[in-house]
Amino acid sequence: MAQERKSSGQNLEMQDKPDGGGCLSATDEEREPCLKASTDLSPVTDKNNGTAAAPPPSTDNNNGTSNGKFHAFAAATSLEQKLRDKTGFSRTGLVVAVAAVLLCVVLFITLVVLLFMWPSPPRHFPVCRRAACLRASAEVLPKINFTQQPCENFREYSCGGWLQTNDLPAYMSSWSLKKRIQQDQKIKIRNMVVTLRNVASSTSLNWKMKHFYESCMNLDNIETDEGKPLKKIISTILGGWHVLKDFNVHEWDVTSTIVQLHSKYNVSPFFKIDVVPDDKVAGQNIIQISPAGLGLPDRRYYYRQQENKIVAAYKQYMVDVSQLLGATSGDASIFSNDMFHYEKRIAEITPASKQEDPFHSHRRFKLSKLKEIAGMIPLLDILQSKFPESNIGDDTFVSVVSPTYFSNLSNLISSSDRSGLNDYFMWKMAEAYVPYLSVKFREIVKIYTAELTGEKDLPPRWEICVSLLQKFMGFGITATLEPHIEKKADVVAVVKDVFENIKESIISNVKKTQDLGSELSDHVLNKLNSLTVQIGLPENMLQENYVNQFYNQLQIQKLDFFQNVNYAVSFIKDYSQIKLKSKKEEYGWLDDLVSEDPKITYNVANNKVIVPLSLLSPPYFETGYPEALLYGGLGVEISSAILSSVYPPGVAHGTDGVLLQAHSAAVNRSIGATVEARSCFGQFLKDQQVDFVNNTVLTAMLSVSSVRFALQSLTKKTQTEPHYHQPAMESYEYDALFFIGYAQSLCTIKSPQQQDLDTMYDLMSDESLLLKTISEHSESFKSAFNCMGRPIKTCEYIY
């Protein structure tokens, strides 16, 4: 019996030995019997004695009955047996085969995933060889900092090269692409003015521009006069100045002084007066009064420590001006401290920020009603003097920004002594006119400005004079230059095409938006469909007769600069009166079109996008530029202006500029449509650890949407056109070029003081924060630069 068990155990050992006995014979005929014999567990017959031997005991790892032998595998299952029968593999071989199959499956899945996620290799398209394309590459490439990654710091990537090679000019507080265009425009104006032919008629615009400019450049007369022209006005017309000791407190007329400051000298103590579109009556303008009168740019400066550099510089500025005009050192110092605290009292009642809600930002009052609210302010006298031909009376309606301010202002005036009021009024007059005086006065302006904005020097004299021409004769200069623009018709055609494409893209998205409600959807589509664009001046306004007639009331003298400034200020007053009386459409948007600082804007009153031609210059614009760069720069600005018509607060106005009813379905729907987006963008700004107001959130929403629609329009347009790559930038596709063009249009160097000042008014003026907001809320940006694995901030779009 022991011999039988020994023999059976030897047979079981053989089946798991890869090279044992005859189990792995070389021939198929021998393999089959071997496999059967090794797997047969039935009783074995002993050939010697014919008795049946018991089957060998099974190995059980749990009870240890292995007969002293270790077996690598358990007994074969029926599936395993079938596979081994079919393949001819041993158990080990079968395991290896299964592992190999599983590995192949894993590799196949990995390959499929990589095929879907691997960035597409750059396709080989022809390279654009046009001169404009070459110039575009020559502008774009040097600005890029290739040591930075666009996904990590897009501003530094797009602008880093430019930031390294550009310095802030000593007489500027900021320098950017737009500033470069403005500088080029000033050079064109100077060249135009100095080469004007001598015109006999003093009534022509050319004569007036030429002699105003020459009087400004005539420093000999200005230096000879020193501060006499200003001091003469203060002493003989305005009743004297307390700090100069030429003031009689009992004889001085408060009402007459404030009337003359507002109406004759365009100085704005306590408040400013403007003519704006009437949002209650289509096609009509209205007088608007709003808080003003602070010497520092913002009320928040008055809450800074007395040792603050800007506060100290402003106080010293007041001391220096009053001393140069004749005050003693001690009186000037007392005046400076008293005046700062008086302006601080004004700052305390000044609204913290401009409200975006058009239903609460201003209110219409009859002057009789406003007199009840602010009885100490002689508004009727001021307005009758400023607009003598407009029949101003107690029943005249005016638009009032922050009625509470004027009520509090009336109380402030009633509690002010006459000497304090005189000091304040005369300081406002001096502050406005000191820059037009001799070099001693201009130097103290420079010292103060250096602390306030970071401008370390005064601009060249020619540039100061050109800026004044733009301020007082902006329309005339624009009308003179525009006819000489090269390929003007082509420029206008390109801009119109961009405008129409983006507008169509926005309209298409609005139609697809399901949750606007029919009232808001119809209102938005109606505004968009009727929206037009004004590119440069219309032809009729370029005619010489039109221009000369426009400036008919402007008087100019040869070589008397200070008097010419007074004449120009008087002309601005006459122009305001014409705007108030006239119903001509162009008076609603002319100022935006001829501004010294050109911007693409939306004009609510006429439902029109305004595009100044002075902005459309290289390197920002050229007719042959690649469309990706055009849409990234010009296109985004146009997109923003179009969206402003249907974003708050523009959406609250009809196509005729009239404000909708506050509780209309369209208004309520528009407010509801922005709630989620405002909350989302607000949370993003909180995450950036920045302080913000509602205006900042709205700007962020508008900026992201403007980029989105401009890129959408570009994509649609380029799908039907031949595809070209930029020279020396063949690895950049259209979407990447678009974002680079957008970022480079924002590249800016600022002094710390200017940065501080700008962010007080608009946090999104910081291009670093703006570009971070765009890049983190745009799936297209991530795709353009292969920013893999970076999460997208998904805020709800209004449209």
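The values are calculated or read from the model by the stated rules, or taken from the named source; none is laboratory data. No experiment lies behind these values; they were computed from the predicted model shown. When we count neighbours, we look across all protein chains shown, and the Cβ atoms used for this are built from the backbone with ideal geometry, even at glycine. All accessible areas refer to the heavy atoms of the entire protein, side chains included, with ligands and DNA or RNA removed. Shrake-Rupley method; radii C 1.70, N 1.55, O 1.52, S 1.80 Å.
Select from region 516-562 the residues that are among the β-branched types (Val, Ile, Thr) and within 32 Å of the chain's Cα centre (by Cα) and list them in ascending order. Full working, then the answer.
Step one: filter region 516-562 for residues among the β-branched types (Val, Ile, Thr), giving 524, 532-533, 535, 547, 556.
Within region 516-562, Val524, Thr532, Val533, Ile535 qualify.
Out of Cys133, Cys151, I need the residue that is open to solvent by less than 60 Å² (accessible area, probe 1.4 Å), at pLDDT below 95 and more than 22 Å from the chain's Cα centre (by Cα). Which one?
Details: Cys151 fails: more than 22 Å from the chain's Cα centre (by Cα).
Exactly one residue qualifies, and that residue is Cys133.
In the list Glu389, Glu372, Glu348, which residue meets the criterion of being open to solvent by 40 Å² or more (accessible area, probe 1.4 Å) and under 40 Å from the mean Cα position of the chain (by Cα)? Break it down stepwise before answering.
Working: Glu389 fails: under 40 Å from the mean Cα position of the chain (by Cα); Glu372 fails: under 40 Å from the mean Cα position of the chain (by Cα).
Within the list Glu389, Glu372, Glu348, the selection yields Glu348.
Restricting to region 343-362, name every residue that is more than 30 Å from Ala313 (Cα to Cα) and either not in a loop (DSSP other than H, G, I, E, B) or not charged (D, E, K, R) (or both).
Gln355, Pro358, Phe359, His360, Ser361, His362
Just a yes or no: is a residue in region 204-226 of a type in the set (D, E, K, R), assigned to a helix (DSSP H, G or I), under 21 Å from Glu596 (Cα atoms) and without any contact (Cβ under 8 Å) to a residue 40 or more places away in the chain?
First pass over region 204-226, keeping only residues of a type in the set (D, E, K, R): 208, 210, 214, 220, 223, 225-226.
Among the residues that remain, those that are also assigned to a helix (DSSP H, G or I) are: 208, 210, 214, 220, 223, 225.
Within this subset, residues satisfying the condition of being under 21 Å from Glu596 (Cα atoms) are 208, 210, 214.
Still in the list and also without any contact (Cβ under 8 Å) to a residue 40 or more places away in the chain: 210.
Within region 204-226 (the criterion being of a type in the set (D, E, K, R), assigned to a helix (DSSP H, G or I), under 21 Å from Glu596 (Cα atoms) and without any contact (Cβ under 8 Å) to a residue 40 or more places away in the chain), the answer is yes, since at least one residue qualifies.
Pick from Ala662, Ala605: which is more than 17 Å from the chain's Cα centre (by Cα) and either more than 29 Å from Leu593 (Cα to Cα) or β-branched (Val, Ile, Thr) (or both)?
Values: Ala605 fails: either more than 29 Å from Leu593 (Cα to Cα) or β-branched (Val, Ile, Thr) (or both).
Testing whether each residue is more than 17 Å from the chain's Cα centre (by Cα) and either more than 29 Å from Leu593 (Cα to Cα) or β-branched (Val, Ile, Thr) (or both) leaves just Ala662.
Which number in (1) outside any helix (DSSP H, G or I); (2) in contact (Cβ under 8 Å) with a residue 24 or more places away in the chain marks the one condition that Trp162 misses?
Against the list (1) outside any helix (DSSP H, G or I); (2) in contact (Cβ under 8 Å) with a residue 24 or more places away in the chain, Trp162 comes up short only on (1).
Find the residue count for region 262-288, including only residues that are among the β-branched types (Val, Ile, Thr), open to solvent by less than 50 Å² (accessible area, probe 1.4 Å) and assigned to a loop (DSSP other than H, G, I, E, B). Let's see the steps before the verdict.
Our first condition is that a residue be among the β-branched types (Val, Ile, Thr); within region 262-288, this holds for 267, 273, 275-276, 281, 286-287.
Narrowing the set further to residues that are open to solvent by less than 50 Å² (accessible area, probe 1.4 Å) leaves 267, 273, 275-276, 286-287.
If we keep only those that are assigned to a loop (DSSP other than H, G, I, E, B) too, we end up with 267.
Counting residues in region 262-288 that are among the β-branched types (Val, Ile, Thr), open to solvent by less than 50 Å² (accessible area, probe 1.4 Å) and assigned to a loop (DSSP other than H, G, I, E, B) gives 1.
If a residue counts only when it is of a type in the set (S, T, N, Q), which helices (runs of 4 or more DSSP H) contained entirely in region 662-746 have at least 3 such residues? Quick ask: steps written out before the conclusion?
Numbers: elements: 665-687, 694-718, 734-744.
Here the list reads 665-687, 694-718.
Being basic (Lys, Arg) and either in a helix (DSSP H, G or I) or under 30 Å from Pro388 (Cα atoms) (or both) is the filter here; which residues of region 289-332 pass it? I'd like the intermediate steps shown before the answer.
From region 289-332, those basic (Lys, Arg) are 299-300, 304, 309, 315; that's our starting set.
Residues satisfying the conditions are Arg299, Arg300, Lys309, Lys315.
Return the residues of region 289-318 that are of a type in the set (A, V, I, L, M) and either open to solvent by less than 20 Å² (accessible area, probe 1.4 Å) or in contact with an Asp or Glu (Cβ under 7 Å, 6 or more places away or on another chain) (or both); say none if nothing qualifies. Break it down stepwise before answering.
First, the residues of region 289-318 that are of a type in the set (A, V, I, L, M): 289, 292, 294, 296, 310-313, 318.
Within region 289-318, Ile289, Leu294, Leu296, Ile310, Val311, Ala313, Met318 qualify.
Just need a number here: residues in region 739-787 that are aliphatic (A, V, I, L, M) and without any contact (Cβ under 8 Å) to a residue 24 or more places away in the chain.
Quick first cut of region 739-787, residues aliphatic (A, V, I, L, M) only: 740, 743, 746, 749, 757, 760, 763-764, 769-771, 774, 784.
Now drop any that are not without any contact (Cβ under 8 Å) to a residue 24 or more places away in the chain, which leaves none.
Of the residues in that region, 0 qualify.
Test each condition in (1) part of a helix (DSSP H, G or I); (2) open to solvent by less than 40 Å² (accessible area, probe 1.4 Å); (3) under 30 Å from Asn206 (Cβ atoms) for Ala489 and report the one that comes out false.
That leaves (2) as the condition not met.
Give the residues of region 86-97 that are of a type outside the set (Val, Ile, Thr), without any contact (Cβ under 8 Å) to a residue 12 or more places away in the chain and in a helix (DSSP H, G or I), sorted by residue number.
Here is the first cut: in region 86-97, the ones of a type outside the set (Val, Ile, Thr) are 86, 88-91, 93-94, 97.
From the residues that got through so far, the ones that are without any contact (Cβ under 8 Å) to a residue 12 or more places away in the chain too are 86, 89, 93, 97.
If the condition is that a residue be of a type outside the set (Val, Ile, Thr), without any contact (Cβ under 8 Å) to a residue 12 or more places away in the chain and in a helix (DSSP H, G or I), then Lys86, Gly93, Ala97 are the ones that fit.
Would you check if Tyr567 is touching a Gly at 6+ places or on another chain (Cβ under 7 Å) and aromatic (Phe, Trp, Tyr)?
Details: touching a Gly at 6+ places or on another chain (Cβ under 7 Å): no; aromatic (Phe, Trp, Tyr): yes.
When the stated conditions are applied, Tyr567 does not pass them.
Looking for something among the acidic types (Asp, Glu), within 30 Å of His211 (Cα to Cα) and surrounded by 21 or more Cβ atoms within 10 Å (Cβ to Cβ) - is there at least one such residue anywhere in region 453-470?
Just the residues of region 453-470 that are among the acidic types (Asp, Glu), to begin with: 455, 457, 463.
Subset that is within 30 Å of His211 (Cα to Cα): 455, 457, 463.
Add one more test, that the residue is surrounded by 21 or more Cβ atoms within 10 Å (Cβ to Cβ), and what stays is 455.
Yes, some residue in region 453-470 is among the acidic types (Asp, Glu), within 30 Å of His211 (Cα to Cα) and surrounded by 21 or more Cβ atoms within 10 Å (Cβ to Cβ).
Of these, Ser664, Ser645, Ser670, Ser640, which one is open to solvent by 10 Å² or more (accessible area, probe 1.4 Å) and within 30 Å of Met473 (Cα to Cα)? Outline the logic, then answer.
Numbers: Ser664 fails: within 30 Å of Met473 (Cα to Cα); Ser645 fails: open to solvent by 10 Å² or more (accessible area, probe 1.4 Å); Ser670 fails: within 30 Å of Met473 (Cα to Cα).
That would be Ser640, the only listed residue that is open to solvent by 10 Å² or more (accessible area, probe 1.4 Å) and within 30 Å of Met473 (Cα to Cα).
Quick one: which of Ser402, Ser361 is surrounded by 19 or more Cβ atoms within 10 Å (Cβ to Cβ), small (Gly, Ala, Ser) and farther than 30 Å from Ala568 by Cα?
Numbers: Ser361 fails: surrounded by 19 or more Cβ atoms within 10 Å (Cβ to Cβ).
Step by step, each of Ser402, Ser361 is checked, and only Ser402 is surrounded by 19 or more Cβ atoms within 10 Å (Cβ to Cβ), small (Gly, Ala, Ser) and farther than 30 Å from Ala568 by Cα.
Across region 351-382, which residue is farthest from Ser644 (Cα to Cα) among those that are modelled with pLDDT under 95 and among the polar types (S, T, N, Q)?
Among those residues, the one meeting the criterion is Ser353.
Considering Phe340, Phe335, Phe365, which residue is over 25 Å from Leu296 (Cβ atoms), in contact with a Phe, Trp or Tyr (Cβ under 9 Å, 6 or more places away or on another chain), touching a residue at least 24 places away in the same chain (Cβ under 8 Å) and not in a loop (DSSP other than H, G, I, E, B)?
On the way: Phe340 fails: over 25 Å from Leu296 (Cβ atoms); Phe335 fails: over 25 Å from Leu296 (Cβ atoms).
Of Phe340, Phe335, Phe365, the one residue that is over 25 Å from Leu296 (Cβ atoms), in contact with a Phe, Trp or Tyr (Cβ under 9 Å, 6 or more places away or on another chain), touching a residue at least 24 places away in the same chain (Cβ under 8 Å) and not in a loop (DSSP other than H, G, I, E, B) is Phe365.
In region 700-737, what residues are of a type in the set (S, T, N, Q) and either touching a residue at least 24 places away in the same chain (Cβ under 8 Å) or open to solvent by less than 40 Å² (accessible area, probe 1.4 Å) (or both)?
Going through region 700-737, the residues of a type in the set (S, T, N, Q) turn out to be 703, 705-706, 712-713, 715, 718-720, 726, 731.
Hits for region 700-737 are Ser703, Ser705, Ser706, Gln712, Ser713, Thr718, Gln726, Ser731.
Given the structure, is Lys428 open to solvent by less than 20 Å² (accessible area, probe 1.4 Å) and in a helix (DSSP H, G or I)? Before the answer, list the steps.
Numbers: open to solvent by less than 20 Å² (accessible area, probe 1.4 Å): yes; in a helix (DSSP H, G or I): yes.
In short, yes.
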